[in-house]
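The values are calculated or read from the model by the stated rules, or taken from the named source; none is laboratory data. Treat the numbers as computed from the prediction; the structure is a model and nothing was measured. Heads up, the Cβs are rebuilt from the backbone with ideal geometry, glycines too, and the neighbour counts pull from every protein chain shown. Surface areas here come from the heavy atoms of the whole protein model, side chains and all, with no ligands, DNA or RNA. Shrake-Rupley method; radii C 1.70, N 1.55, O 1.52, S 1.80 Å.
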Amino acid sequence: MEPPFITSITQKGRRSLISLYPSVTKRSRAGRSLAATFLVFMFASGAGASVLAVGGANAQNVPGQAQAAYPLTGSGNQTIQNYNYYYWPIDVTTTSYAVYATQSNVSVAAAFMSAAQFAAFSGGTAPISDSLTQRNGTSTLDGLLVPSGSYYFTVCACMGSAQVAYYYAANLTLTVTNDTMNVGEFITLPSMQGTTAYYQIPLHLETLGSTSKLSLFGISNQTVTYSVYDFSTGTTLFTSPAVTTTNANGTAPSAQNFSPYYNLTLPVGQYALRIVNDHAASAYVYVGYSLNPAHTDPYLFFAAPAAAQPTGIASFGLYNDSGVVRPYTIDAPGVVGYANITSLDATDLNATQFNLPPSSSGVQLNSIVQVNNTDGSQYSYWSQNVVQFIGQSGGTYYGFVDNVWNMTGDGAGLSNSTIRSNDGGTVQSYTSNGATSTLYYAFYPGGNNLFAYRFPLSFAVAMNVTVVKGQGLYIGFAEELLQNGSLVQGPQKFWYDKAFIADPNILSAAFHTSGSDYTPAGANSRQGLFYDTEFVFGGDSSGSMSSFNKLNGQLGLYYLDPATLAATLFPSYYSFGQDTAENTPNVHVAFLGTATVQVSAGSADYSYLGAPSTATTSVTFPGGRTSTLGQSTSGSSPPVGAGLAYVAIPVVIVVALAALFIGMRMRRKGLPPPPPPGF
């Protein structure tokens, strides 16, 4: 029989030894759920070969987890006379995860040896304990990481004649891939024998927001110890014994499930994983982990209570009942923001720095499209539909801009061959600290798409997603002008841009609002974005801050019901968003009890607004009319020239510890300069 087993392990890069107070390496966020890997050992009774099945047909993609079956190197029954041993030579052609297990009627010694160790043992010059790994008992289990070479699985009967059911597998090739859902890496640890040195991996900062479930997997070519250190209390929360495989205590669980993970509950705090190699020789280790928070924390990035934030109305997928936080999830084909503005005058405080119009601001509808593929992979595309307001001596103007960012971990990006639009959108370079770091999609209509406005100004903006099976997905961006000084007669929605992302493996896609997890983080970030949906005021673009001299109006935020496409109230709301960098220090928000807030210039109050006071899902706009933005765009074929989707995925690199609570939110490029007076 050829049981499925671990056949691929994610590589995220390498780090060097960190001793005592090292520089910190940042890495990609782990997956939202870590399903157990099961090693189910079933020893048949009576005549015939014993069978040890490893893995399972329903195994999930987790750090170090198999995605396909590999041949079984050896299994069966063997009678071994007392004071005799039996061995199986193994040739490993590439770095592999080796595992062995035995069950017997008397205690035996089971060992995995290098060729040199076996030569010494068989020649009578070394005991069986001089092995890479060795276990004793009537039931044994162990595994280790081995480079290419010749090895020997050896079983010795020293407590009487033994009837042994055995299993070993050593040609379990580690197909190194980058994975967006899990944190994992190969590392080489120098000897730390006789020192207090350790190798340190800081865990992601989501542990500061709520209690978290940590699942840790590790495998090495010699024993190492794993510990979890709590910086908040200065204590060690957990320390493993010296192991080659995490959670392997040396006993094969007959007809039981074995999960090779340490599963820990972490109280709120800041943590690091530490690994120690107490051998004279270097250790080669693969380590992976997954973090699952109890819920997200909208205040996690707040540098101070009065810090400027993107302000308006947002859903984080969270209820907050007198401090008791409960997450929920909304997956919707579209989202809608509504604005009715009766006065607005703003100064962009970063206009000179970012070459923006001095009198400018914006309101943004932001949400993340989560894509699920047939191969089990997931991708996160942060989408923005932005209305920018520009004032100058010749009048006031508004215009539309949209962006799409690939937020599936560090290094994720887009290219012009994989995201296309017949409306003119292209991939742009985002530069941070003088270095071009991200490629994102943007549609900038230009001067001909700037429009004069008067008060009261009312409009709705929307985004939706449409899946084309076998090809990819459309993300549509729309606006509908309802009032511009006077009511618009017969208002019509205008889908001003439809961007197509090629993804032939697509299964489903939706705007994902969830308080259960964050987007995958990468090597340049200790924390992902929120899966929030927000309709918020802030600066013009480029992460700027706008101060409002005058502001009065209302904002509303809705999602489209998947069945009816009707604009529907979110279960709860906050007065601020967190995913965009543009912000404002002085917008006051008052909750009107449904899906609407009153906004005005004044003292900021970043708070949980609560649940809507009514269950109605009807949305009435100025003049008693209902917006048609709830209708989906169509898209039966991709734009000409769209190619296969390229989604860059995380690779861990060595970086220094930095405080980056503020700089994590992405910045948008602004509109081109406004038209001359009199436009």
Could you list, in sequence order, the residues of the stretch 435-449 that are at pLDDT 65 or above and open to solvent by less than 50 Å² (accessible area, probe 1.4 Å)? THR438, TYR440, TYR441, ALA442, PHE443, PRO445
Got at least one residue in the stretch 79-94 being buried (at least 17 other Cβ atoms within 10 Å of the Cβ) and among the polar types (S, T, N, Q)? no
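Yes/no matrix, rows are residues, columns are (1) modelled with pLDDT of 95 or more; (2) not small (Gly, Ala, Ser):
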{"residue": "SER572", "(1), (2)": "yes, no"}
{"residue": "ASN586", "(1), (2)": "yes, yes"}
{"residue": "VAL597", "(1), (2)": "yes, yes"}
{"residue": "SER636", "(1), (2)": "no, no"}
{"residue": "GLY643", "(1), (2)": "no, no"}
{"residue": "VAL651", "(1), (2)": "no, yes"}
Among residues of the stretch 470-489, those that are over 21 Å from ASP561 (Cα atoms) and either open to solvent by 30 Å² or more (accessible area, probe 1.4 Å) or not hydrophobic (A, V, I, L, M, F, W, C) (or both), counted: 11
Scan of the stretch 299-330 for residues that are part of a loop (DSSP other than H, G, I, E, B) and at pLDDT 95 or above, ordered by number: PRO310, PHE316, GLY317, TYR328
Would a scan of the stretch 272-292 turn up a residue that is β-branched (Val, Ile, Thr) and open to solvent by 20 Å² or more (accessible area, probe 1.4 Å)? yes
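Return yes when GLN492 is in contact (Cβ under 8 Å) with a residue 12 or more places away in the chain and either buried (at least 19 other Cβ atoms within 10 Å of the Cβ) or within 24 Å of the chain's Cα centre (by Cα) (or both) and no when it is not.
Considered against the rule, which asks whether it is in contact (Cβ under 8 Å) with a residue 12 or more places away in the chain and either buried (at least 19 other Cβ atoms within 10 Å of the Cβ) or within 24 Å of the chain's Cα centre (by Cα) (or both), GLN492 comes out as no.
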On the basis of being assigned to a loop (DSSP other than H, G, I, E, B), at pLDDT 90 or above and open to solvent by less than 10 Å² (accessible area, probe 1.4 Å), does GLY250 make the cut? no
Going residue by residue through the stretch 109-123, is there one that turns out to be open to solvent by less than 50 Å² (accessible area, probe 1.4 Å), in a loop (DSSP other than H, G, I, E, B) and not hydrophobic (A, V, I, L, M, F, W, C)? no
Identity of the residue in the stretch 213-232, at pLDDT 95 or above and among the polar types (S, T, N, Q), that ends up least open to solvent (accessible area, probe 1.4 Å): SER227
Evaluate the following for SER96: is it polar (S, T, N, Q) and touching a residue at least 60 places away in the same chain (Cβ under 8 Å)? yes
Of those in the stretch 499-548 that are open to solvent by 10 Å² or more (accessible area, probe 1.4 Å) and hydroxyl-bearing (Ser, Thr, Tyr), the residue modelled with the lowest pLDDT is SER525
From the set of residues in the stretch 212-244 that are in contact with a Ser or Thr (Cβ under 6 Å, 6 or more places away or on another chain) and part of a loop (DSSP other than H, G, I, E, B), which is farthest from TYR289 (Cα to Cα)? ALA242
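Which residues, counting only those in the stretch 293-324, are open to solvent by 30 Å² or more (accessible area, probe 1.4 Å) and of a type in the set (Gly, Ala, Ser)?
ALA294, ALA303, ALA304, ALA306, SER322, GLY323
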Identify, please: which residue in the stretch 581-606 is assigned to a loop (DSSP other than H, G, I, E, B) and surrounded by 24 or more Cβ atoms within 10 Å (Cβ to Cβ) and is, among those, farthest from the chain's Cα centre (by Cα)? ALA595
In the stretch 567-580, how many residues are in a loop (DSSP other than H, G, I, E, B) and either under 20 Å from SER458 (Cβ atoms) or open to solvent by less than 10 Å² (accessible area, probe 1.4 Å) (or both)? 5
